[in-house]
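The values are calculated or read from the model by the stated rules, or taken from the named source; none is laboratory data. As the structure is a computational prediction, the values presented were derived from the model and not from experiment. Here the Cβ positions follow ideal geometry from the backbone for every residue, glycine too, while neighbour counts run over all protein chains shown.
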Amino acid sequence: MIFHEIYSVYYITVSKILNEAVKNTVNIQRIREIAIKYAFAESTIPVETAVKKQAWQLILNDGNTPLHNKPDIPISTLQMRWLKSISLDSRMKLFDCDFNLPEDIEPLFTQEDYYVFDSYHDGDDYENEDYIRRFQMILKAIKKRQALDITIKNKNDNEVLCTVMPDRLEYSEKDDKFRLLTSGSPTASVINLGRIISCNVHNGDFYVKKDRKHFDRLRTLTLELTDERNALERVMLHFSHFEKTAEKLGDKHYRLTICYDRSDETEMLIRVLSFGPMVHVTAPERFIAMIRNRLKRQKSCEL
Amino acid sequence: MSYSELIKNFDIIRDYMRNFYIYGWGSRETYDKKSARTYDDAKRRLESWLGEYIHYRQSVDGKRVFISVDTRSTVHNPLYYAWKAKSFTDGDITLFFIVLDILHEPSDFLPLSEIIERIDTDYLSHFERPKFFDRSTVRKKLNEYVSLGLLKTEKRGKTLYYGRTQNDIFTDTDALHFFSETAPCGVIGSFLLDRQEAYKDIFSFKHHYINAALDSEILYLLLEAMKSKQETEIIRLTRKGEKHTLRIVPLRIFISVQSGRQYLMAYRRNTRRIISFRLDYILSVKPYRKAADFDILREKLKGMQPYIWGVSTQGTGKRRETVEFTVYFDNNEQYIYDRLKREKRCGVIERIDKNNARFYAEVYDANELLTWMRTFICRITSVHFSNKEIETQFKADLEAMYRMYGVSDSDIS
């Protein structure tokens, strides 16, 4: 069972409170701080009240606990089975770790149980030793804030060397690819890991002049749709991963405003086109012009 | 009953979260199938759990509350919080920590009577008004911990002894974070992450659908049913909102990373067909009986897969349908050919010449390809469907788009 109280944020919060109480006393102020950090926005009052009223007989009025040890919650069978499943995933090779699971643990699922049917065929090669080595080097460099000298093969098959500060690894399930998000290089803020030829820790100082944000280039798109052929559900679900607002305009008529990164504009364009006449872009004019342009070219194909 | 941010039943909140997240235009009055009180409580809970992701919009007919998440900049799935809000009794939490403290050392194996004695004397007696537990409550809880895998039992003579499950599991936070967002039932990875001390987030995710989190328990039950090769009884909602009960043999989960949907491919005995069911429309899963033919049916599905574009195993006719289209690309548009190759799924790509390529596929339902084919609008030079109705639909949709955006014959240069 997934929905169980042992996985609740309250149990985590109480274990953190007890963790301190076995070493020392905890006062209400500290309990409040822990609840704010580990539980929900409205959790502080119920946690505080339960402790004060001794509803949970774990913390005494003087802030001590009758418990003798720091709480150490064993990993459940469900958690071990899930770990076993991911240990069988080919992407697990990217992480230099062994969960040390008991041998008799059955996986919760295997590749036989599920199938991703629409990811692209040219995903990264997780079996490639060089790729794995570079991945792990990048992972370490992000944690240590170490600059990297990276040679990539660009779209024109030319080798390009750049020095970057690695910020984060971005993964797309659709592309089945990792991209390195970086700062410090205006020409290589996003690097496909699959295009990296070599990667080494930069020897020497490296200053990132400006902390560039990757998502500060948002654009908005407004589209209207009529709920025919189940368009409403399909469109809303398809664009659900963006920041968005939706309005009902009439009985079957809706408006959706989506924020997207401008570097993804072409992708947005084809995603909108995929819905055909079920959606109608109403703003901005520039985006409408791009659609019109594609439609004109299509019309000239004389299907 | 007074309000609590914790919940006993996931079903109601699953429905609200889905509506607030996927749609988000409903007002208090829209949710008339439930009481206003239920709506208010659900809204308040979501505000408490999701905070920054809750947005409001005032319109002429009321205030709208919705969940909006840019999943590219949010590195942990916020919908997982709902799974961490299970209610419990005062006794549940008290017993949990005390029992694990009594059985702290892996070598500590104690019988029920001694555990009860120690709970009373070593722990509860310290409190001014101790709330003692009866024997059956403690036994029930101990057995629950055994079934969860937190404790194990050992028989010594006629007496059952309880001890902690010893596991020296090494949990790498990077791997946990990555798979908690990308693997099936990722919320379990998120539970494991919650146990970790502070760590740095290394990963972010693009094209990341988070709504599947709401169907985690359903997915888990189906995975369990497949593992034990069980025929199951499911209750699902139809598009009209009616509840249907049916018996099926679950065979495989099909996941779409382009639409945010998860499907169960299952065999229905009464129609003798393998068909798909959306996981988000399944309300419950119950084991029914062993499916002796599970392996045969799974093999059958495997044999069908080369002809399934998405999840549909039936078109309008009895025969499989064919789809063929050609696209044109300029000399500097090699990436279009690459796109075809990487997105073709069960189709075949043939390079006709330097600037043209043909796609061909034989599938159960050619209708499923229309969405993808439209992404090539501006360069489709020919289409041919064996099912002429679909071809007509494709062309009619194009005409509708021309009208919608005011493209006429005079626009063609």
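For the structure I just gave you, tell me whether A:L139 is crowded, with 18+ Cβ neighbours inside 10 Å and of a type in the set (A, V, I, L, M, F, W, C). Considered against the rule, which asks whether it is crowded, with 18+ Cβ neighbours inside 10 Å and of a type in the set (A, V, I, L, M, F, W, C), A:L139 comes out as yes. Checked against (1) over 30 Å from B:I274 (Cα atoms); (2) within 10 Å of chain A (Cβ to nearest Cβ); (3) not in a loop (DSSP other than H, G, I, E, B), B:G163 passes all but condition (2).
A quick yes/no check of all residues on (1) more than 20 Å from A:S274 (Cα to Cα); (2) in contact with a Lys or Arg (Cβ under 9 Å, 6 or more places away or on another chain); (3) outside the structural domain of B:E399 (by TED's automatic domain parsing):
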| site | (1), (2), (3) |
| --- | --- |
| B:K300 | yes, no, yes |
| B:V311 | no, yes, yes |
| B:V327 | no, yes, no |
| B:N331 | yes, yes, no |
| B:Y337 | no, yes, no |
| B:K341 | no, no, no |
| B:G347 | no, no, no |
| B:N355 | yes, no, no |
| B:I377 | no, yes, no |
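Can you tell me which residues in the range B:378-395 are within 13 Å of another protein chain (Cβ to nearest Cβ) and not in a strand (DSSP E or B)? Answer for the range B:378-395, where residues must be within 13 Å of another protein chain (Cβ to nearest Cβ) and not in a strand (DSSP E or B): B:C378, B:R379, B:I390, B:E391, B:T392, B:Q393, B:F394, B:K395. Screening B:I12 on (1) over 25 Å from B:D90 (Cβ atoms); (2) within 20 Å of the chain's Cα centre (by Cα); (3) of a type in the set (A, V, I, L, M, F, W, C) shows it passes everything except condition (1). On the stretch given as the range A:153-162, residues that are part of a strand (DSSP E or B), under 27 Å from the mean Cα position of the chain (by Cα) and either modelled with pLDDT of 95 or more or exposed (fewer than 11 other Cβ atoms within 10 Å of the Cβ) (or both) total 0. Identification of helices (runs of 4 or more DSSP H) wholly contained in the range A:1-107 with 2 or more residues that are facing chain B (nearest Cβ under 7 Å) and within 32 Å of the chain's Cα centre (by Cα) yields A:9-21, A:77-87. If you check A:I197, A:I191 for being in the same structural domain as A:K144 (by TED's automatic domain parsing), surrounded by fewer than 16 Cβ atoms within 10 Å (Cβ to Cβ) and either of a type in the set (S, T, N, Q) or in a strand (DSSP E or B) (or both), only one passes: A:I197. All conditions in (1) in contact (Cβ under 8 Å) with a residue 24 or more places away in the chain; (2) within 34 Å of the chain's Cα centre (by Cα) hold for B:V146, with the sole exception of (1). Right, B:D174: farther than 24 Å from A:A55 by Cβ and either modelled with pLDDT of 95 or more or under 24 Å from the mean Cα position of the chain (by Cα) (or both) or not? When the stated conditions are applied, B:D174 passes them. Filtering the range A:232-255 for residues that are among the hydroxyl-bearing types (S, T, Y) and more than 9 Å from chain B (Cβ to nearest Cβ) leaves an empty set. Here B:L279 fits the description: surrounded by 18 or more Cβ atoms within 10 Å (Cβ to Cβ), modelled with pLDDT of 95 or more and touching a strand residue (DSSP E or B) at 6+ places or on another chain (Cβ under 8 Å). When the range A:168-188 is filtered for residues that are in a strand (DSSP E or B) and either more than 14 Å from every other protein chain (Cβ to nearest Cβ) or more than 14 Å from the chain's Cα centre (by Cα) (or both), the ones remaining, listed by number, are A:T182, A:S183. Among the residues of the range B:28-37, is there at least one that is within 9 Å of chain A (Cβ to nearest Cβ), over 24 Å from the mean Cα position of the chain (by Cα) and farther than 25 Å from B:F88 by Cβ? Yes, some residue in the range B:28-37 is within 9 Å of chain A (Cβ to nearest Cβ), over 24 Å from the mean Cα position of the chain (by Cα) and farther than 25 Å from B:F88 by Cβ. Taking (1) within 14 Å of chain B (Cβ to nearest Cβ); (2) crowded, with 16+ Cβ neighbours inside 10 Å; (3) not hydrophobic (A, V, I, L, M, F, W, C) in turn, A:D149 satisfies each apart from (1).
You will find that of B:I102, B:I116, the residue that is touching a Lys or Arg at 6+ places or on another chain (Cβ under 7 Å), more than 10 Å from chain A (Cβ to nearest Cβ), crowded, with 17+ Cβ neighbours inside 10 Å and without any contact (Cβ under 8 Å) to a residue 24 or more places away in the chain is B:I116 and no other.
Determine whether the range B:35-58 contains at least one residue that is surrounded by 15 or more Cβ atoms within 10 Å (Cβ to Cβ) and touching a Gly at 6+ places or on another chain (Cβ under 7 Å). No, every residue in the range B:35-58 fails to be surrounded by 15 or more Cβ atoms within 10 Å (Cβ to Cβ) and touching a Gly at 6+ places or on another chain (Cβ under 7 Å).
Scanning the range B:367-382 for residues that are of a type in the set (V, I, T) and closer than 14 Å to B:A357 by Cβ returns B:I380, B:T381. Here A:F178 meets each of (1) surrounded by 19 or more Cβ atoms within 10 Å (Cβ to Cβ); (2) over 16 Å from B:D174 (Cβ atoms) with one exception, condition (2). Residues in the range B:17-65 that are among the hydrophobic types (A, V, I, L, M, F, W, C), in contact with a helix residue (DSSP H, G or I) (Cβ under 6 Å, 6 or more places away or on another chain) and under 20 Å from A:D251 (Cα atoms): 2 in all.
Taken together, the residues in the range A:289-303 that are more than 7 Å from chain B (Cβ to nearest Cβ) and either of a type in the set (S, T, Y) or assigned to a helix (DSSP H, G or I) (or both) amount to 3. Is it the case that some residue within the range B:63-71 is assigned to a strand (DSSP E or B), within 9 Å of chain A (Cβ to nearest Cβ) and touching a residue at least 24 places away in the same chain (Cβ under 8 Å)? Taking every residue of the range B:63-71 in turn, at least one turns out to be assigned to a strand (DSSP E or B), within 9 Å of chain A (Cβ to nearest Cβ) and touching a residue at least 24 places away in the same chain (Cβ under 8 Å).
Based on this model, can you work out whether B:S68 counts as over 18 Å from B:V187 (Cβ atoms), among the polar types (S, T, N, Q) and surrounded by 17 or more Cβ atoms within 10 Å (Cβ to Cβ)? Considered against the rule, which asks whether it is over 18 Å from B:V187 (Cβ atoms), among the polar types (S, T, N, Q) and surrounded by 17 or more Cβ atoms within 10 Å (Cβ to Cβ), B:S68 comes out as yes.
Exactly one of (1) surrounded by 20 or more Cβ atoms within 10 Å (Cβ to Cβ); (2) within 30 Å of B:W309 (Cβ to Cβ); (3) touching a strand residue (DSSP E or B) at 6+ places or on another chain (Cβ under 8 Å) is unmet by A:S85. Its number? Status for A:S85: all satisfied but (3). Selection of strands (runs of 3 or more DSSP E) fully inside the range B:171-285 by the criterion of at least 3 residues being more than 10 Å from chain A (Cβ to nearest Cβ) and over 26 Å from A:P74 (Cβ atoms) returns B:230-237, B:243-255, B:262-268, B:273-278. Applying a threshold of 7 Å to beta carbon distances and a minimum spacing of six or more residues, or different chains, the list of pairs starting in the range B:1-19 at a residue that is surrounded by fewer than 17 Cβ atoms within 10 Å (Cβ to Cβ) and ending at one that is of a type in the set (D, E) and at pLDDT below 95 reads B:Y3/B:D41. In the condition set (1) within 14 Å of chain B (Cβ to nearest Cβ); (2) in a helix (DSSP H, G or I), A:S119 is compliant with all but (2).
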